[in-house]
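Undergrad: To start, I am sharing the structure in question, which I have written as structure tokens.
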Amino acid sequence: MMNWFAAHAHWFAYGAAFSAFIALSVWYETVLSQRKRAALHPYLGRSCRGIRWHRRFPGAPHDEIRRFVRGFAECFRVAPHLATQFGPDDRPFVIWDEATVGGPFALDDNEELYDWGVVLEEEYRISPELQATWDERTTLADVFALTRSAG
């Protein structure tokens, strides 16, 4: 009679390979997250930009501004309490370009702007056709102004 372990050795090999793959994936994702955080540090390492938002949009309620910047920040996996460190003059395409790390082998989908576009369409009814006209000069203030007119 054959040893049970010898008969099932291939399952142990599959399990070991799968575990190694998971460990490598977690490590790689951790490295990418650290690189993304480092890339966003010029934005997240500064003080709150709430006063700049209110100077640009004096009639906008605090909650409306917070909701808008949190929607943007969530797409970049930025904690909600750091969202107001993005200012009205920050440019989404530039932020995305700086935060995109990992190249073609990234586990991250790098679709933060697409995800934000979905949020803008669902919450503010800003059409994808209008979003398609934006470029690297478009600022968060430009987009916020559209959300105010759409609401």
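Undergrad: Using amide H atoms built in the peptide plane, which far-off residues or other-chain residues are under 5 Å from T100 H to H?
TA: For T100, whose amide H was placed from the backbone, there are no distant partners under 5 Å.
Undergrad: Then there is this: If the chain between S47 and E122 were fully stretched, how many nm would it gain, using 0.36 nm times the residue separation less the Cα-Cα distance? Intermediate results must be reported in sequence, preceding the final value.
TA: On the way: separation 75, 0.36 × 75 = 27.00 nm, distance 2.97 nm.
Going from the current span to full extension adds 24.0 nm.
Each reported figure results from applying straightforward, stated rules to the coordinates on display, with no laboratory input. These numbers were taken from a predicted model, which means no experiment stands behind them.
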